Amino acid sequence: MSTYFATILWQRNGAAFTDQRYSRAHVMQFDGGAEVAGSSSPHAVPVPYSDAAAVDPEEAFVASLSSCHMLWFLHLAAKAGFVVERYEDRADGVMAKNAEGKLAMTLLTLRPRVDFAGEKRPQRVDIEALHHKAHEECFIANSVKSEVRCVPVF
């Protein structure tokens, strides 16, 4: 078992609070030392109370899933003897009401485009199998109730 840590730091900085007119901007600190500007989504809380340039939880969720899938794909491709030169995923998540009537990320779509190098090149069926296995192994995908799709870009 492993434990992962993140610190979320928000401060009022003298702003009014009970009238809901406070900044949702905050800092996300990760155990390796990285700091990322965070905020609520401008889709949920309007600017200026949200910072559109910061990462919101919904974007972080999509990125987390995409990153996990990619890391598994790279591992599996290397294990199969394929050399990955470049991997890009333009993933998205849809926020909608779920079966319980609550807002949730109800659909996540990964669109990975993978470029290979070397003499051993995978066929389309190999790439699809690698993505399928990566999805099965992805810790984040295994942790969510949302439907997760992977649509490789060729």
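The values are calculated or read from the model by the stated rules, or taken from the named source; none is laboratory data. Just so you know, these numbers come straight off a predicted model, no measurement behind them. Cβ: placed from backbone, ideal geometry, glycine included. Neighbour counts: every protein chain shown.
Some notes on this structure:
- Any hit, region 20-35, residues being surrounded by fewer than 12 Cβ atoms within 10 Å (Cβ to Cβ), in contact with a strand residue (DSSP E or B) (Cβ under 9 Å, 6 or more places away or on another chain) and charged (D, E, K, R): yes
- Residue check for Ala16: in contact (Cβ under 8 Å) with a residue 24 or more places away in the chain and either among the hydrophobic types (A, V, I, L, M, F, W, C) or in a helix (DSSP H, G or I) (or both): no
- At least 1 residues being more than 16 Å from Trp72 (Cα to Cα) and basic (Lys, Arg) is the threshold, and among the strands (runs of 3 or more DSSP E) wholly inside region 90-154 those reaching it are 92-97.
- Test: Gly32 is part of a loop (DSSP other than H, G, I, E, B) and outside the structural domain of Arg111 (by TED's automatic domain parsing): yes
- Flag if Ser41 is under 30 Å from Gly118 (Cα atoms), in contact with an Asp or Glu (Cβ under 6 Å, 6 or more places away or on another chain) and surrounded by 15 or more Cβ atoms within 10 Å (Cβ to Cβ): no
- Being touching a residue at least 24 places away in the same chain (Cβ under 8 Å) and either among the hydrophobic types (A, V, I, L, M, F, W, C) or in a helix (DSSP H, G or I) (or both) is a property that does not hold for Leu74.
- Filter result for Glu58 (in a helix (DSSP H, G or I) and touching a Ser or Thr at 6+ places or on another chain (Cβ under 9 Å)): yes
- Qualifying residue in region 135-152 (condition: more than 19 Å from the chain's Cα centre (by Cα) and in contact (Cβ under 8 Å) with a residue 12 or more places away in the chain): no
- Within region 41-91, the set of residues being of a type outside the set (A, V, I, L, M, F, W, C) and under 9 Å from the mean Cα position of the chain (by Cα) comprises Glu58, Glu59, Ser64, Ser66, Ser67.
- Matching residues, region 117-154, being among the β-branched types (Val, Ile, Thr) and over 15 Å from Val84 (Cα atoms): Val125, Ile140, Val144, Val148, Val151
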